[in-house]
Amino acid sequence: MIGLLPVRIVICWIAVIYASVALLLFAALVSFGGKEIGLWPAATFAFGGSSFLQLILFFWFTVGWRWFWRRIPQLNAWLYPDIHGQWDMEIALGGAQGQGRKIVAKAIVKQDFLKVSMTVIAPGSRSVTLSTAPKRDPESGLPQLHYIFLVTTNPEPGAASNSYRGAAILDLDPTLQDEITGIYWTSAETSGTYRLSNRRD
């Protein structure tokens, strides 16, 4: 999700806020302590504060942001939806090979403030994430997930497993938080649609 933010501006604001807080605390220590503080204690104070800031940022990027998303649901629409959890998945196979067949699968989405990944477990195969890119549709402004994956089929008696790559564009409508839809296509010359529903955190 951080890719949707102006990263340079975010970094600048974090640096400015930290410098301001550190300066105010340092000035308070000097004022109320009634004595001057040397260079080494000042440097120690600054580095100690930076370590504390790193802990705060680590907490925010891993789990803290989700706490805010649950208490301010509008963030799902303003920035990007929280889709972390397990989903029931329906894969509709298109083209001549698929002939409209539908496969029931399970999708496990792992999301933090820095990245999103999805593992799909289907009868006879398993797919893992190669790369993802949170986006917004240039026309509607709705959030999307551009997703590249690797599918590995389960080995069968007398035959080795097979691997191929694919890509998908998933539409994440914030008003439908329990449903994700999208299209996919693969290097095995297959294509179709995805439908994820009934999320369980």
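The values are calculated or read from the model by the stated rules, or taken from the named source; none is laboratory data. These numbers were taken from a predicted model, which means no experiment stands behind them. We place every Cβ from the backbone using ideal geometry, glycine too, and count neighbours over all the protein chains shown. Just so you know, the surface numbers come from the protein's heavy atoms only, side chains and all, with ligands and any DNA or RNA stripped out. Shrake-Rupley method; radii C 1.70, N 1.55, O 1.52, S 1.80 Å.
Enumerate the aspartates and glutamates that LYS106 could reach by cross-link, defined here as Cα to Cα under 13 Å, with residues fewer than 8 away along the same chain left out.
Within the straight-line cut-off, LYS106 pairs with ASP88, GLU90.
In the range 89-188, carbon and sulfur make up what percent of the accessible area (probe 1.4 Å)?
Result for the range 89-188: 55 percent of the exposed heavy-atom area is carbon or sulfur.
Given a 1.4 Å probe, how much area per residue of the range 117-201 is accessible, in Å²? Please list the in-between numbers first.
Working: 4840 Å² over 85 residues.
Accessible area per residue, the range 117-201: 57 Å².
Mind ranking 124-135, 61-72 by how tightly packed they are, going by the mean number of other C-beta atoms within 10 angstrom, highest first?
Answer by packing, highest mean first, reads 124-135, 61-72.
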